[in-house]
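Below: one structure in structure tokens.
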């Protein structure tokens, strides 16, 4: 077992965190470039957002498979295979010449990106001592956020000084580097016991979780919140890229610094939940997202950005509590229960554009806010229902 502060701990934790930065940077880097891609390919916001959401959708669906495959094949083996796929697909993206090719390679990339989120925490739980595990999970989650923010900032900056495809070159290099560090510094699992892949058992576990009202409500809260929250950033990008704001891709990338308040929300989530219960704390997060969305209706850029700071705090407060609630209330196959939460989470993000687009076409940004308020109203009722069930 790897002990906290040992050389093996620092080496393996760094390898996993670097891989997390690479995975989430690759996943999210196209989001600030969508207005530019829309102009280049002459596509609507909904059409061009497919280049982004197809990766999140494929990642979400792949999680259902990777958790079971890693039980049979081994954690490190599957990590190396999927990260190698990330490297090759990212290299291929440097050469795409059509939007169709871009979407196809992003789908392949999304499938490969699902390996790390499905496996990393399971590997840590098997190989780290308890003090090492608590610390490593904190580092890993921070690396997820850093990757998402960093990928968007890098993409926006490079798109302003050159072509949007330039961003895939450094990302391919970082992806290859993460493969090397996983191969070199992630020890072969010592406490891992291979289990044969049983499709029927996996499907039975998923069906069991979906039939538990407490879990299903939590899945819906996480998925529907992310459906709105992530796609608000997509549509506000088109607002801020147009007059009177005319923000460049690099400045649009800076908008995602608002995610940093989400880190604070996650850190405070346990303390807030202890005071008012987990479901009520989730409801509080949703109320903050409602307020943040309303702030974005103000015309001043500073107030719009402030609204996203508030929404990010509320979203990650709710998300961190929902994910832990699933783990606590799953009575069996906890890994399967957590994987299902992430499936709802990422599939929700993938279909959010379909929900928001009609409101955008009819009313512009105020329509997006209206649609957001309606959906947050639904998740608020679900959170309050969860609170009533848990009393």
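The values are calculated or read from the model by the stated rules, or taken from the named source; none is laboratory data. Just so you know, these numbers come straight off a predicted model, no measurement behind them. Please note: Cβ atoms are built from the backbone with ideal geometry, for glycine as well, and neighbour counts cover all protein chains shown.
For residue 287, state whether it is surrounded by fewer than 22 Cβ atoms within 10 Å (Cβ to Cβ), modelled with pLDDT of 90 or more and closer than 17 Å to residue 223 by Cα.
yes
Please identify the pairs in which a residue from segment 258-270 that is more than 11 Å from residue 318 (Cα to Cα) has its Cβ atom under 6 Å from the Cβ atom of a residue that is modelled with pLDDT of 90 or more, counting only partners at least 6 apart or on another chain.
Here the result reads 258/308; 258/309; 258/312; 259/149; 259/312; 261/309; 261/312; 261/313, each pair linking segment 258-270 to a residue that is modelled with pLDDT of 90 or more.
Just checking, which of 134, 103 is without any contact (Cβ under 8 Å) to a residue 24 or more places away in the chain, out of contact with any strand residue (DSSP E or B) (no Cβ under 7 Å at 6 or more places or on another chain) and part of a helix (DSSP H, G or I)?
Values: 103 fails: without any contact (Cβ under 8 Å) to a residue 24 or more places away in the chain.
Of the residues listed, the single one that is without any contact (Cβ under 8 Å) to a residue 24 or more places away in the chain, out of contact with any strand residue (DSSP E or B) (no Cβ under 7 Å at 6 or more places or on another chain) and part of a helix (DSSP H, G or I) is 134.
For residue 211, only one of the following conditions fails: (1) under 19 Å from residue 69 (Cα atoms); (2) without any contact (Cβ under 8 Å) to a residue 12 or more places away in the chain; (3) not assigned by TED's automatic domain parsing to the domain that holds residue 14. What is its number?
(1)
Right, something else. Which residues, taken from segment 147-160, are buried (at least 19 other Cβ atoms within 10 Å of the Cβ) and at pLDDT below 90?
Within segment 147-160, just 159 meets the criteria.
Is there a residue being within 19 Å of residue 142 (Cα to Cα) and not assigned by TED's automatic domain parsing to the domain that holds residue 115 anywhere in segment 283-290? Reasoning before the result, please.
Residues of segment 283-290 that are within 19 Å of residue 142 (Cα to Cα), as a first pass: none.
Checking segment 283-290: not a single residue is within 19 Å of residue 142 (Cα to Cα) and not assigned by TED's automatic domain parsing to the domain that holds residue 115.
Right, another one. If a residue has to be assigned to a helix (DSSP H, G or I) and loosely packed, with under 14 Cβ neighbours inside 10 Å to count, how many in segment 181-193 make the cut?
Count: 1.
Quick check: is even one residue across segment 291-305 closer than 24 Å to residue 379 by Cβ, at pLDDT 95 or above, surrounded by fewer than 24 Cβ atoms within 10 Å (Cβ to Cβ) and under 22 Å from the mean Cα position of the chain (by Cα)?
The answer is yes, given that some residue of segment 291-305 is closer than 24 Å to residue 379 by Cβ, at pLDDT 95 or above, surrounded by fewer than 24 Cβ atoms within 10 Å (Cβ to Cβ) and under 22 Å from the mean Cα position of the chain (by Cα).
Of the residues 44, 38, 68, which single one is more than 20 Å from residue 24 (Cα to Cα) and surrounded by fewer than 17 Cβ atoms within 10 Å (Cβ to Cβ)?
Only one candidate passes the filter, namely 44.
Follow-up question, since we're still on this one. Here is a check on your reading of the model: is residue 82 within 30 Å of residue 210 (Cβ to Cβ), without any contact (Cβ under 8 Å) to a residue 40 or more places away in the chain, crowded, with 23+ Cβ neighbours inside 10 Å and not assigned by TED's automatic domain parsing to the domain that holds residue 335? Explain how you work it out, then say what you get.
Working: within 30 Å of residue 210 (Cβ to Cβ): yes; without any contact (Cβ under 8 Å) to a residue 40 or more places away in the chain: yes; crowded, with 23+ Cβ neighbours inside 10 Å: yes; not assigned by TED's automatic domain parsing to the domain that holds residue 335: yes.
Spelling it out, residue 82 is indeed within 30 Å of residue 210 (Cβ to Cβ), without any contact (Cβ under 8 Å) to a residue 40 or more places away in the chain, crowded, with 23+ Cβ neighbours inside 10 Å and not assigned by TED's automatic domain parsing to the domain that holds residue 335.
Follow-up. Test residue 325 against the stated conditions and say whether it is touching a helix residue (DSSP H, G or I) at 6+ places or on another chain (Cβ under 9 Å) and closer than 19 Å to residue 228 by Cβ. Break it down into steps so the answer makes sense when it comes.
Working: touching a helix residue (DSSP H, G or I) at 6+ places or on another chain (Cβ under 9 Å): yes; closer than 19 Å to residue 228 by Cβ: no.
Answer is no for this residue.
Here's another thing I want to ask about it. Restrict the check to segment 340-354 and report whether at least one residue is surrounded by fewer than 24 Cβ atoms within 10 Å (Cβ to Cβ), touching a residue at least 40 places away in the same chain (Cβ under 8 Å) and over 21 Å from the mean Cα position of the chain (by Cα).
Checking segment 340-354: not a single residue is surrounded by fewer than 24 Cβ atoms within 10 Å (Cβ to Cβ), touching a residue at least 40 places away in the same chain (Cβ under 8 Å) and over 21 Å from the mean Cα position of the chain (by Cα).
Still on this structure, please answer the following. Determine, yes or no, whether residue 359 is surrounded by 19 or more Cβ atoms within 10 Å (Cβ to Cβ), touching a residue at least 40 places away in the same chain (Cβ under 8 Å) and either out of contact with any strand residue (DSSP E or B) (no Cβ under 6 Å at 6 or more places or on another chain) or closer than 25 Å to residue 276 by Cβ (or both).
Against the criterion (surrounded by 19 or more Cβ atoms within 10 Å (Cβ to Cβ), touching a residue at least 40 places away in the same chain (Cβ under 8 Å) and either out of contact with any strand residue (DSSP E or B) (no Cβ under 6 Å at 6 or more places or on another chain) or closer than 25 Å to residue 276 by Cβ (or both)), residue 359 does not qualify.
A further question follows. Only one of these is surrounded by fewer than 23 Cβ atoms within 10 Å (Cβ to Cβ), touching a residue at least 12 places away in the same chain (Cβ under 8 Å), farther than 26 Å from residue 227 by Cβ and in the same structural domain as residue 155 (by TED's automatic domain parsing): 96, 54. Name it.
Among 96, 54, only 96 is surrounded by fewer than 23 Cβ atoms within 10 Å (Cβ to Cβ), touching a residue at least 12 places away in the same chain (Cβ under 8 Å), farther than 26 Å from residue 227 by Cβ and in the same structural domain as residue 155 (by TED's automatic domain parsing).
So, residue 217, is that one farther than 19 Å from residue 66 by Cα, in a helix (DSSP H, G or I) and over 21 Å from the mean Cα position of the chain (by Cα) or not?
No: the conditions fail for residue 217.
Okay, moving on. Out of all the residues in segment 243-254, is one or more free of Cβ contacts under 8 Å to residues at least 60 places away in the same chain, surrounded by 15 or more Cβ atoms within 10 Å (Cβ to Cβ) and assigned by TED's automatic domain parsing to the domain that holds residue 362?
yes
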